[in-house]
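One structure is given here, and the rest of the page talks about it.
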Amino acid sequence: MLTIVSWNIQYGKGVDGRIDLSRIADVIRRDGLPDVLCLQEVSRCDPDTDNGRDQVNELQKLFPDYELFYGAAHDRCGGKDGGRRQFGNLVLTRHSPVQVLHHLLPSPADSTAKFMARQTTEMVIRTSSGELRMMNTHLEFFSEKQQLAQIQRIREIHTEACAQFREPGLNLPNSPFERVERPEKMVICGDFNFVPDSDSHRLMTAPMSAETPELVDAWYAAYPDKSRSPTCGIFDHKQWKKGPHCRDYFFLSQNLVKQIQDVSVNTETDASDHQPIRLILEV
């Protein structure tokens, strides 16, 4: 079995306004340590979020048995003690990745909205039944134009990886040109910042080319007749005035659907404005 947890931790800020990464770690441990942990909104040396603390370093200490891979969506000067002000996504994994790729997502000009840079981290991990491609992301909230462009880019990344898998390039071992397969089987998770009944969700799951496995909403695949659990707005009614709803998802390639064992949401914790979500695959 492979267990994946995804959580927008809001840089450790709970609904009570207190920033506490130890509390985040305690929730994850109580629910059961996953094989792969995908976090969004992780801050590094940024005085405007967590007094400039290096949250990547702190999370490494809290999870010493994991390898950490940080994808900074924005990377700016002016960090604490001369460091870089960074904000982005973090993957912690017990499966040492064969390959890690960081993709900057597009932000087409939109004068109607504030926005920040967004990215997705892709990695290939080995499981008992073969290799699997994982992606962790956080999409734009304020600009629908940018969000749709980012979804389209994710679909292009998936299409590109599948094409490379079918038609691998030449291999030059023990060099930067050594070929690493990007398998067709893929899971992408994170805070997508869209609701289920939206153009963005429909684009995410729209038909792909004939050769590319379509992307499927894991909750709908596992529980087609069950109301989905909310992933934000349960406790934080100041930020989420519409109340409980869903913005966090697992999407996976169609060829993984039969391997879904469970999809769940921890609706009890208020350690962030979002809830942790969990996927268990038989792989």
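Give region 231-283 a look and list any residue that's basic (Lys, Arg) and in contact with a Cys (Cβ under 9 Å, 6 or more places away or on another chain), or say none.
247
So which of 13, 80 ends up being in contact with a strand residue (DSSP E or B) (Cβ under 9 Å, 6 or more places away or on another chain), charged (D, E, K, R) and surrounded by 17 or more Cβ atoms within 10 Å (Cβ to Cβ)?
13
Kindly check whether there is at least one residue in region 241-254 that is free of Cβ contacts under 8 Å to residues at least 40 places away in the same chain, part of a helix (DSSP H, G or I) and surrounded by fewer than 20 Cβ atoms within 10 Å (Cβ to Cβ).
Checked against the condition, which is being free of Cβ contacts under 8 Å to residues at least 40 places away in the same chain, part of a helix (DSSP H, G or I) and surrounded by fewer than 20 Cβ atoms within 10 Å (Cβ to Cβ), region 241-254 yields no hits at all.
Would you point out which residue out of 127, 137, 120, 159 is at pLDDT 95 or above, over 22 Å from residue 43 (Cβ atoms) and of a type in the set (Val, Ile, Thr)?
159 is the lone residue from the list that is at pLDDT 95 or above, over 22 Å from residue 43 (Cβ atoms) and of a type in the set (Val, Ile, Thr).
Can we say residue 35 is within 25 Å of residue 124 (Cβ to Cβ), at pLDDT 95 or above and either surrounded by 15 or more Cβ atoms within 10 Å (Cβ to Cβ) or in contact with a helix residue (DSSP H, G or I) (Cβ under 9 Å, 6 or more places away or on another chain) (or both)?
Here the answer is yes, as residue 35 does meet what is asked.
Contact list please: Cβ distance under 6 Å, first residue in region 82-104 and within 12 Å of residue 122 (Cα to Cα), second residue of a type in the set (Gly, Ala, Ser), pairs at least six apart or on different chains.
89/71; 102/71
Identify all residues within region 163-214 that are among the polar types (S, T, N, Q), within 20 Å of the chain's Cα centre (by Cα) and either loosely packed, with under 15 Cβ neighbours inside 10 Å or assigned to a loop (DSSP other than H, G, I, E, B) (or both); write none if there are none.
Residues satisfying the conditions are 193, 198, 205.
Note down all Cβ pairs under 9 Å where the first residue falls in region 28-43 and is more than 19 Å from residue 75 (Cα to Cα), the second is surrounded by fewer than 21 Cβ atoms within 10 Å (Cβ to Cβ) and among the acidic types (Asp, Glu), and they're at least six residues apart or on different chains.
Hits for this filter: 33/65.
If you go through region 145-204, how many residues are of a type in the set (A, V, I, L, M) and in contact (Cβ under 8 Å) with a residue 60 or more places away in the chain?
Qualifying residue count, region 145-204: 4.
Look at residue 66 and say whether it is touching a helix residue (DSSP H, G or I) at 6+ places or on another chain (Cβ under 7 Å), under 29 Å from residue 252 (Cα atoms) and not small (Gly, Ala, Ser).
no
Going through region 5-32 one residue at a time, which ones are among the aliphatic types (A, V, I, L, M) and touching a helix residue (DSSP H, G or I) at 6+ places or on another chain (Cβ under 8 Å)?
Once the filter is applied, which keeps residues that are among the aliphatic types (A, V, I, L, M) and touching a helix residue (DSSP H, G or I) at 6+ places or on another chain (Cβ under 8 Å), region 5-32 yields 5, 9, 19, 21, 24, 25.
Working only within region 45-96, note down all residues that are farther than 16 Å from residue 24 by Cβ and part of a helix (DSSP H, G or I).
Within region 45-96, 47, 48, 80, 81, 82 qualify.
Could we say that residue 56 is touching a residue at least 60 places away in the same chain (Cβ under 8 Å) and over 20 Å from residue 279 (Cβ atoms) here?
Taking the combined requirement at face value, the residue does not satisfy it.
Give the residue that is nearest to residue 192 (Cα to Cα), with candidates limited to residues of region 104-158 that are among the hydroxyl-bearing types (Ser, Thr, Tyr) and in contact with a His (Cβ under 9 Å, 6 or more places away or on another chain).
My answer is 137.
The values are calculated or read from the model by the stated rules, or taken from the named source; none is laboratory data. Note that this is a predicted model, so its numbers are computed, not measured. Neighbour counts run over all protein chains shown; Cβ positions are idealised from the backbone, glycine included.
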